[in-house]
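Undergrad: Submitted below is the structure of interest, expressed as structure tokens.
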Amino acid sequence: MSNDTPASTGMASKAVDWTLATVAAIGSFILMLKLGAFHATPPESLDGAWQAALQFAWLHDLQVGRDIVFPHGPYGAFYAQLYHPDLVGLWYAIRLSHAVVLAVALVWTLRVVAGPGLGWRVLACGLALLAAAALVPGPDGIWMLASFLLIGLAVDDRRAPPLLIVLLVAAIALATLAKFSFLVMGVTALIAWTAAAAFRRDPMALLAIPLYVAAIVLLWIGAGQELSGFADWVRVSFEVGSGYAAAMSLTSNRYDLAVYGALVVLLLLGVWVGFRTQSALAVKAIVVLGWLALFMFVAKAGFVRHDGHAVFPFEMAVVAAALVVAHGLPPHRGTGQLFALQALALVGAVGWLAVAHTRLTPSEHTIDRQIASRVVHAPALLLGIANDLLSQQGKAAHYRDYADKSRALLGGPHPRIASAASVDVYSYMIAPPILAGLPYHPRPVIQSYQSYMPALADRDVKEVRRTGAEVYVLQVGSIDNRPPLADGGHLWPEFLSLYNPVDQVPLGLVIERRAEPLTLETRKLVDGKNRYNSWIELPAPAPGTILQVKGGIRPTLLGRAFGLAFKPPQLTITLRRADGSEQIHRLVPGQLGAGFPVSPLMTTPQEVRALFEGEAAGAPVTAFRINAGRLQQAFWGSAFPLTVTEIHRPGQG
């Protein structure tokens, strides 16, 4: 009897332990399952447009990095939250599998790093649910999770279960091919974990990176990509990434930055002290530097634009704090105060996540209401999968409605659009031809606000000259208060040379490709060194003429370093109109390097058509200046080459 009691107690304890782990995994799965945001996209949506283009690329075997240039890989089609009738089954299969793997890995990882004993493992399950709940607001945190979990395992001296490493590597591989920034984070975590495991003579240290490479190859080929194209995609993605901070930045909230910085310092201190005394100094340094790199990457992902993206750093701070606190269970002798600080960091990360989310996304429900909604509606969402797969109602009906709206934006579609062998839209509202089922033929950089580096602009120019779409719809406009024609401004000489106007549709001006290109007439009006804050006078452009500005603003060494770690300060350009009024716009140095029309300012299809037909178009700009204070000049230099070129079609101007 006495011999049976401990065994029975042990079996009961294990049963309770595994039951709680299963419940925690199911709860984490529900919290990370972002099915409620799966929807059809309105054709006017900027984000919906690139997501629709990624799904189009998957369905038509376009090669990422060559046929389509965007900061996502082929599996960006499933990072996208859009319904597509031809992808809905595969979308659910990938997203459900991904959520299951992450839920199991999250609970398993926190239980592994926590101390032995049922009570500590139960507390680790609670921390897992808290971390999963923190990922509810935005999708990126879910895709970043595996990298943080893997590097979290590196803090623990004990060998991690091989199957857990396999799950995390598989999740990192999928994320790698969904978005390029996840590749950078995943490779960083893999290198850090592998180096630490190698010092500890863990056999999995020899297998993790080969497993990752094998998973990448299988997923890449499975996506219909050419194996040789992987290097092209990585190289082009670095081009996109190199200009991202300068091009896409918005003003940051100093309190968010200060709080995040304080959280990172506390968490890294906890990581360092949390190592057992027998850990080699090299292992500590590798792992802490790996964590620091992940925190920096997340900060760039969130704080460069500092809009709704800025919740991601605090989501990952909650995950990291949960890992550090779990690893501190039970608190070791002499580390009680530090453990209390780490617990305080976890509470602070959760609290500031709620504060930042409410401030950055005021139109959305608060996090607690989103969590409650996710839990309450999870059964209905899961049951709704069958409706999405089989029914022509719900999302399928919305998709048809948006397809009809897209056709209306394209004039029905217009007969010339309907008869074209290929169609594209300038500058970013590219969803209508995709949703309307037309033969969409994208230029490489699918949305013009992303062609913010001269190398990216050159890709577009070469492709438009070589095999550009038969028909374009010109929908003028830029994002982030850039000059009206700055986004994709390098393409305007190509449009004037290669295309003729046809008609107007609600979306914009329809132009068709000429049988032979025109040789444009050009004349340089300004050519030399320029300094900031000095006015450059311009003549009124003759009818049918654009004045194309191009300059070579380059970051200083300080600017390069700061841009790598965070983002450089913004530059602006002031445009003076003929009536004496002035307007100030964001200036992206890379767009200035590629060139864009500074005059006239055209904002309507009628004005664009007048330009093509040799008539007066838009509002002329009589002078402009590029503005920079002393601080900006420390990052961008004090002088730069600048040209202004008059461009028009033969016989015009």
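Undergrad: Could you figure out which of (1) part of a helix (DSSP H, G or I); (2) in contact (Cβ under 8 Å) with a residue 12 or more places away in the chain; (3) open to solvent by 20 Å² or more (accessible area, probe 1.4 Å); (4) more than 19 Å from residue 177 (Cβ to Cβ) isn't true of residue 47?
TA: The failed condition is (2).
Undergrad: Counting only residues that are within 18 Å of residue 117 (Cα to Cα) and open to solvent by 10 Å² or more (accessible area, probe 1.4 Å), which one in segment 328-338 is nearest to the chain's Cα centre (by Cα)? Show your work before the answer.
TA: Here is the first cut: in segment 328-338, the residues within 18 Å of residue 117 (Cα to Cα) are 328-333.
Going one step further and asking which of them are open to solvent by 10 Å² or more (accessible area, probe 1.4 Å), we end up with 328, 330-333.
Working: 328: 33, 330: 38, 331: 38, 332: 40, 333: 43 Å.
Restricting to residues being within 18 Å of residue 117 (Cα to Cα) and open to solvent by 10 Å² or more (accessible area, probe 1.4 Å), the top hit is 328.
Undergrad: While we're looking at this one, here's another question. Could you tell me whether segment 628-646 includes any residue that is more than 21 Å from residue 575 (Cα to Cα), surrounded by 16 or more Cβ atoms within 10 Å (Cβ to Cβ) and not hydrophobic (A, V, I, L, M, F, W, C)?
TA: yes
Undergrad: Next question, about the same structure. If a residue must be among the aromatic types (Phe, Trp, Tyr) and assigned to a loop (DSSP other than H, G, I, E, B), how many such residues does segment 402-453 contain?
TA: At the first step, the residues of segment 402-453 found to be among the aromatic types (Phe, Trp, Tyr) are 402, 426, 428, 440, 449, 452.
Pick out the ones that are also assigned to a loop (DSSP other than H, G, I, E, B) and you get 428, 452.
Adding up the residues that qualify gives 2.
Undergrad: Here is a list: 324, 273, 298. Which entry is in contact (Cβ under 8 Å) with a residue 24 or more places away in the chain, open to solvent by less than 10 Å² (accessible area, probe 1.4 Å) and not hydroxyl-bearing (Ser, Thr, Tyr)? Let's see the steps before the verdict.
TA: On the way: 324 fails: open to solvent by less than 10 Å² (accessible area, probe 1.4 Å); 273 fails: open to solvent by less than 10 Å² (accessible area, probe 1.4 Å).
Among 324, 273, 298, only 298 is in contact (Cβ under 8 Å) with a residue 24 or more places away in the chain, open to solvent by less than 10 Å² (accessible area, probe 1.4 Å) and not hydroxyl-bearing (Ser, Thr, Tyr).
Undergrad: Looking at segment 585-593, is at least one residue at pLDDT 95 or above, open to solvent by 10 Å² or more (accessible area, probe 1.4 Å) and not in a helix (DSSP H, G or I)?
TA: There is at least one residue in segment 585-593 that is at pLDDT 95 or above, open to solvent by 10 Å² or more (accessible area, probe 1.4 Å) and not in a helix (DSSP H, G or I).
Undergrad: Follow-up. With respect to residue 520, determine if the residue is over 16 Å from residue 640 (Cβ atoms), among the hydrophobic types (A, V, I, L, M, F, W, C) and in contact with a Ser or Thr (Cβ under 6 Å, 6 or more places away or on another chain). Break it down into steps so the answer makes sense when it comes.
TA: Numbers: over 16 Å from residue 640 (Cβ atoms): yes; among the hydrophobic types (A, V, I, L, M, F, W, C): yes; in contact with a Ser or Thr (Cβ under 6 Å, 6 or more places away or on another chain): yes.
Judged against the criteria, residue 520 is a match.
Undergrad: Also: What do you reckon, is residue 499 open to solvent by less than 10 Å² (accessible area, probe 1.4 Å), out of contact with any Gly (no Cβ under 7 Å at 6 or more places or on another chain), touching a residue at least 24 places away in the same chain (Cβ under 8 Å) and among the hydroxyl-bearing types (Ser, Thr, Tyr)? Full working, then the answer.
TA: Numbers: open to solvent by less than 10 Å² (accessible area, probe 1.4 Å): yes; out of contact with any Gly (no Cβ under 7 Å at 6 or more places or on another chain): yes; touching a residue at least 24 places away in the same chain (Cβ under 8 Å): yes; among the hydroxyl-bearing types (Ser, Thr, Tyr): yes.
Answer is yes for this residue.
Undergrad: For segment 17-37, give me each residue that is part of a helix (DSSP H, G or I) and either among the aromatic types (Phe, Trp, Tyr) or surrounded by fewer than 13 Cβ atoms within 10 Å (Cβ to Cβ) (or both). Before you say what the answer is, go through the steps one by one.
TA: First, pick out the residues of segment 17-37 that are part of a helix (DSSP H, G or I): 17-32.
Passing the criteria: 18, 19, 29.
Undergrad: May I pose another question? Let me spell it out: the conditions are (1) more than 15 Å from residue 138 (Cβ to Cβ); (2) in contact (Cβ under 8 Å) with a residue 60 or more places away in the chain, and residue 312 meets all of them except one. Which number is the exception?
TA: Of everything listed in (1) more than 15 Å from residue 138 (Cβ to Cβ); (2) in contact (Cβ under 8 Å) with a residue 60 or more places away in the chain, residue 312 misses just condition (1).
Undergrad: Right, residue 199: at pLDDT below 95 and touching a helix residue (DSSP H, G or I) at 6+ places or on another chain (Cβ under 6 Å) or not?
TA: Values: at pLDDT below 95: yes; touching a helix residue (DSSP H, G or I) at 6+ places or on another chain (Cβ under 6 Å): yes.
Yes: the conditions hold for residue 199.
Undergrad: Identify, from the list 431, 418, 469, the residue that is in contact (Cβ under 8 Å) with a residue 40 or more places away in the chain, out of contact with any helix residue (DSSP H, G or I) (no Cβ under 7 Å at 6 or more places or on another chain) and not hydroxyl-bearing (Ser, Thr, Tyr).
TA: Values: 431 fails: out of contact with any helix residue (DSSP H, G or I) (no Cβ under 7 Å at 6 or more places or on another chain); 418 fails: in contact (Cβ under 8 Å) with a residue 40 or more places away in the chain.
None of the other options fit; the residue is 469.
Undergrad: All but one of (1) out of contact with any Leu (no Cβ under 7 Å at 6 or more places or on another chain); (2) in contact (Cβ under 8 Å) with a residue 40 or more places away in the chain; (3) farther than 22 Å from residue 59 by Cα; (4) open to solvent by 20 Å² or more (accessible area, probe 1.4 Å) hold for residue 462, so report the exception by its number.
TA: (2)
Undergrad: Now for a separate question. Could you figure out which of (1) open to solvent by 50 Å² or more (accessible area, probe 1.4 Å); (2) among the polar types (S, T, N, Q); (3) at pLDDT 95 or above isn't true of residue 422?
TA: Single failed check for residue 422: (1).
Undergrad: Just need a number here: residues in segment 388-429 that are of a type in the set (Asp, Glu) and closer than 30 Å to residue 464 by Cβ. Walk me through how you get there before you give the answer.
TA: Initially, segment 388-429 is screened for residues of a type in the set (Asp, Glu), giving 388, 401, 404, 424.
Narrowing the set further to residues that are closer than 30 Å to residue 464 by Cβ leaves 404, 424.
So the count comes out to 2.
Undergrad: Taking segment 374-394 as the region of interest, how many residues are without any contact (Cβ under 8 Å) to a residue 24 or more places away in the chain and either among the acidic types (Asp, Glu) or not in a helix (DSSP H, G or I) (or both)? It would help to see each step written out before you state the result.
TA: Of segment 374-394, the ones without any contact (Cβ under 8 Å) to a residue 24 or more places away in the chain are 376, 379-380, 383, 386-387, 390-394.
Cutting the leftovers down to either among the acidic types (Asp, Glu) or not in a helix (DSSP H, G or I) (or both) gives us 391-394.
Looking only at that region, the number is 4.
Undergrad: How do the pairs read when you match residues in segment 573-589 that are under 12 Å from residue 622 (Cα atoms) with residues anywhere that are open to solvent by less than 70 Å² (accessible area, probe 1.4 Å) and polar (S, T, N, Q), using Cβ under 7 Å and keeping only pairs 6 or more apart or on different chains?
TA: 574/627; 575/583; 576/622; 577/622; 578/622; 582/574
Undergrad: Okay, moving on. Out of (1) touching a helix residue (DSSP H, G or I) at 6+ places or on another chain (Cβ under 8 Å); (2) open to solvent by 20 Å² or more (accessible area, probe 1.4 Å), the odd one out for residue 611 is which?
TA: Checking residue 611 against (1) touching a helix residue (DSSP H, G or I) at 6+ places or on another chain (Cβ under 8 Å); (2) open to solvent by 20 Å² or more (accessible area, probe 1.4 Å), the one that fails is (2).
Undergrad: Given 136, 113, 104, which one is open to solvent by 10 Å² or more (accessible area, probe 1.4 Å) and not basic (Lys, Arg)? Give the steps one after another, and end with the answer.
TA: On the way: 136 fails: open to solvent by 10 Å² or more (accessible area, probe 1.4 Å); 113 fails: open to solvent by 10 Å² or more (accessible area, probe 1.4 Å).
That would be 104, the only listed residue that is open to solvent by 10 Å² or more (accessible area, probe 1.4 Å) and not basic (Lys, Arg).
Undergrad: Would you please name the residue that is farthest from the chain's Cα centre (by Cα), looking only at residues in segment 116-133 that are open to solvent by 10 Å² or more (accessible area, probe 1.4 Å) and among the aliphatic types (A, V, I, L, M)?
TA: 118
Undergrad: Filter segment 548-577 for residues that are under 23 Å from the mean Cα position of the chain (by Cα) and either in a loop (DSSP other than H, G, I, E, B) or among the aromatic types (Phe, Trp, Tyr) (or both); which is farthest from residue 257 (Cα to Cα)?
TA: Filtering first and then ranking leaves 570.
Undergrad: Right, another one. Given 146, 114, 160, 173, which one is free of Cβ contacts under 8 Å to residues at least 60 places away in the same chain and in contact with a Phe, Trp or Tyr (Cβ under 8 Å, 6 or more places away or on another chain)? Show your work before the answer.
TA: Values: 146 fails: in contact with a Phe, Trp or Tyr (Cβ under 8 Å, 6 or more places away or on another chain); 114 fails: free of Cβ contacts under 8 Å to residues at least 60 places away in the same chain; 160 fails: in contact with a Phe, Trp or Tyr (Cβ under 8 Å, 6 or more places away or on another chain).
That would be 173, the only listed residue that is free of Cβ contacts under 8 Å to residues at least 60 places away in the same chain and in contact with a Phe, Trp or Tyr (Cβ under 8 Å, 6 or more places away or on another chain).
Undergrad: Do we have any residue at all in segment 349-357 that's open to solvent by less than 30 Å² (accessible area, probe 1.4 Å), of a type outside the set (A, V, I, L, M) and more than 20 Å from the chain's Cα centre (by Cα)?
TA: Residues of segment 349-357 that are open to solvent by less than 30 Å² (accessible area, probe 1.4 Å), as a first pass: 349, 353, 356-357.
Checking the rest, the ones that are also of a type outside the set (A, V, I, L, M) come to 357.
Then keep just the ones that are more than 20 Å from the chain's Cα centre (by Cα); that gives none.
No, the conditions are met nowhere in segment 349-357.
Undergrad: Residue 307 versus (1) within 30 Å of residue 115 (Cα to Cα); (2) open to solvent by 40 Å² or more (accessible area, probe 1.4 Å): which is the lone unmet condition?
TA: Every listed condition holds for residue 307 apart from (1).
Undergrad: Right, residue 250: in contact with an Asp or Glu (Cβ under 7 Å, 6 or more places away or on another chain) and on the phi < 0 side of the Ramachandran plot or not? First the steps, then the outcome.
TA: Values: in contact with an Asp or Glu (Cβ under 7 Å, 6 or more places away or on another chain): yes; on the phi < 0 side of the Ramachandran plot: yes.
Yes; evaluated as a whole, the condition is true for this residue.
Undergrad: Check segment 312-320 and report whether any residue there is open to solvent by 20 Å² or more (accessible area, probe 1.4 Å) and either farther than 21 Å from residue 269 by Cα or among the aromatic types (Phe, Trp, Tyr) (or both).
TA: Keep residues of segment 312-320 that are open to solvent by 20 Å² or more (accessible area, probe 1.4 Å), which gives none.
There is no residue in segment 312-320 that is open to solvent by 20 Å² or more (accessible area, probe 1.4 Å) and either farther than 21 Å from residue 269 by Cα or among the aromatic types (Phe, Trp, Tyr) (or both).
Undergrad: For segment 521-554, which positions are buried (at least 20 other Cβ atoms within 10 Å of the Cβ) and on the phi > 0 side of the Ramachandran plot?
TA: Of everything in segment 521-554, just one residue is buried (at least 20 other Cβ atoms within 10 Å of the Cβ) and on the phi > 0 side of the Ramachandran plot, namely 544.
Undergrad: So, in segment 62-91, of the ones that are assigned to a helix (DSSP H, G or I) and small (Gly, Ala, Ser), which residue ends up surrounded by the fewest Cβ atoms within 10 Å (Cβ to Cβ)?
TA: Within segment 62-91, the subset assigned to a helix (DSSP H, G or I) is 76-79, 88-91.
Adding the requirement that they be small (Gly, Ala, Ser) leaves 76-77, 89.
On the way: 76: 23, 77: 25, 89: 12.
Once the filter is applied, the top-ranked residue is 89.
The values are calculated or read from the model by the stated rules, or taken from the named source; none is laboratory data. It should be emphasised that the depicted structure is a prediction, and the values quoted were computed from it without experimental measurement. FYI the Cβ positions are ideal-geometry reconstructions off the backbone, even for glycines, and counts take in every protein chain you see. Ligands, DNA and RNA are excluded from the accessible area calculation, which covers all protein heavy atoms including side chains. Shrake-Rupley method; radii C 1.70, N 1.55, O 1.52, S 1.80 Å.
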